[in-house]
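Q: The structure that follows is given in the form of structure tokens.
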Amino acid sequence: MTRISAVDLTWMEQAVALARRGEGLTRPNPPVGAVLVKNGHRIGTGWHRRAGGPHAEIYALRQAGPQARGATLYVTLEPCSTQGRTPPCIEAILQAGIQRVVIAAIDPNPLHAGRGVRLLRRGGIQVAVGACAQEAADLIAPFACYVQHNRPYITLKLGLSLDGRIADHTHSSRWITGPDARGVVQAMRRASDAILVGAGTVRHDNPSLWPRPDRQRQPWRIIAVQSGSLPLSAQVFNDPHADRTIVAVPKGWRPATAQKLRRKGVQVWELPRTRYFSALARELGRLGVLRVLCEGGGILAGELIQAGLTDALCVFLSPMLIGGPVGATGHRQWRLKQAPRFEIKQVQAVGKDLLLRMAPSPGED
């Protein structure tokens with residue numbers, strides 16, 4: 001049987017939920033979940049916990065043991081077919097005597113896409129592809145961006161008043177959104193490999209940028225500096241995670257300050273002034289970062305949108321009016337015909353606020 005049934009969808013939903021446990025832990029690998037089922041009963045589960053460790057399928061097979069023979073494997077991503085830091089999962093699946101494999105998404109890496117499916121079928125295993133396809137595509141979107149474009153997937157998060165302000169005229173933004181929205185942002189931090197803000201956010205808000213609770217996540221904290229100073233007393237340079245902070249500066253930026261930051265354990269990256277954000281994205285890709293959460297401020301948000309580096313936009317809209325000059329995209333402004341446009345993918349009430357999840361409209365970079 002190669003068709004997808006309602007029962008297949010139910011089991012694959014469990015595999016997707018398992019995969020999400022690994023978000024923020026697996027870089028540069030994607031999060032993957034797996035469920036083994038036999039005679040209508042779950043006999044093994046697994047999710048990828050860290051790069052270099054066993055893949056989701058291996059955990060599930062180990063848990064099932066000899067019962068795996070004749071079972072159906074549900075896995076969110078096409079099993080790997082090449083030797084990496086771990087042996088290919090295809091071999092383990094064939095040796096275990098699995099009868100059927102249901103796959104949510106094909107490997108987005110052009111070098112591997114479809115190879116696992118072909119090897120499974122060649123080994124006499126029934127294969128069905130596409131169960132929970134959209135959920136799986138969303139799950140691996142950062143990995144797909146990484147392998148196809150050599151850069152991380154960037155989500156821009158904005159907390160806005162009804163009139164599009166991210167702070168009042170004194171640059172105070174605590175708090176535009178409510179506690180429920182802030183809880184969602186903490187979950188977004190845990191799912192990310194890096195948290196990105198501009199120098200202005202560090203100067204005005206002195207954020208920690210660390211997920212609370214972190215649940216064993218160790219994200220990078222990236223400070224994008226195009227001009228101006230940075231306060232050496234900021235939390236991100238002095239807390240126990242200072243060695244997880246990267247300051248990205250234009251070449252020649254304040255050498256004495258850069259040296260003091262390095263002494264604190266902070267990495268300082270010097271980037272070209274032209275195409276600064278493309279260079280930053282490229283360097284984060286080299287670091288193995290899959291998913292970046294940008295938390296502003298407005299100048300950084302506007303520059304990322306202008307550079308075509310906003311893969312997703314999450315707006316928390318608060319039912320208040322602030323007025324003043326501190327807008328969502330800083331000094332960036334566009335004529336109506338050239339204005340960047342986004343498609344709303346999801347609208348969700350979060351406490352007193354509204355969360356809009358969006359993607360660039362077709363035709364937008």
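Q: For segment 75-99, give me each residue that is closer than 15 Å to Lys38 by Cβ, open to solvent by 10 Å² or more (accessible area, probe 1.4 Å) and out of contact with any Leu (no Cβ under 6 Å at 6 or more places or on another chain).
A: Those that are closer than 15 Å to Lys38 by Cβ, open to solvent by 10 Å² or more (accessible area, probe 1.4 Å) and out of contact with any Leu (no Cβ under 6 Å at 6 or more places or on another chain): Gly97, Gln99.
Q: Further question on the same structure: Residue pairs, Cβ under 9 Å, 6 or more apart or interchain, first in segment 121-137 and within 17 Å of Arg100 (Cα to Cα) and part of a helix (DSSP H, G or I), second at pLDDT 95 or above and aliphatic (A, V, I, L, M). List them.
A: Arg121/Val127
Residue by residue, here is whether (1) among the acidic types (Asp, Glu); (2) without any contact (Cβ under 8 Å) to a residue 60 or more places away in the chain; (3) over 21 Å from Ala359 (Cα atoms) holds:
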{"position": "Arg217", "(1), (2), (3)": "no, no, yes"}
{"position": "Val236", "(1), (2), (3)": "no, yes, yes"}
{"position": "Leu261", "(1), (2), (3)": "no, yes, yes"}
{"position": "Phe277", "(1), (2), (3)": "no, yes, no"}
{"position": "Arg291", "(1), (2), (3)": "no, no, no"}
{"position": "Leu300", "(1), (2), (3)": "no, no, no"}
{"position": "Leu309", "(1), (2), (3)": "no, no, no"}
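Q: Out of (1) assigned to a strand (DSSP E or B); (2) modelled with pLDDT of 95 or more; (3) open to solvent by 10 Å² or more (accessible area, probe 1.4 Å), the odd one out for Gly159 is which?
A: (2)
Q: Another question about this same structure. Looking at Ala191, Ala105, Ala137, Ala133, which one is of a type in the set (A, V, I, L, M), under 24 Å from Arg50 (Cβ atoms) and open to solvent by 30 Å² or more (accessible area, probe 1.4 Å)?
A: On the way: Ala191 fails: open to solvent by 30 Å² or more (accessible area, probe 1.4 Å); Ala105 fails: open to solvent by 30 Å² or more (accessible area, probe 1.4 Å); Ala133 fails: under 24 Å from Arg50 (Cβ atoms).
Checking each option against the conditions leaves just Ala137.
Q: Please determine, by comparing only the residues of segment 28-54 that are in contact with a Phe, Trp or Tyr (Cβ under 9 Å, 6 or more places away or on another chain) and open to solvent by 20 Å² or more (accessible area, probe 1.4 Å), which one is farthest from Leu111 (Cα to Cα).
A: Taking the candidates together, the pick is Arg42.
Q: Kindly list, by first and then second residue, each pair from a residue in segment 52-71 that is at positive phi to a residue that is outside any helix (DSSP H, G or I), limited to pairs with Cβ atoms under 7 Å and residues at least 6 apart or on different chains.
A: Gly52/Arg85; Gly70/Lys38; Gly70/Gly97; Gly70/Gln99
The values are calculated or read from the model by the stated rules, or taken from the named source; none is laboratory data. What you are looking at is a predicted structure, and each value in this text was computed from that prediction instead of being measured. Virtual Cβ from ideal backbone geometry, glycine too; neighbours counted across all protein chains shown. Only protein heavy atoms, including side chains, enter the accessible area calculation; ligands, DNA and RNA are left aside. Shrake-Rupley method; radii C 1.70, N 1.55, O 1.52, S 1.80 Å.
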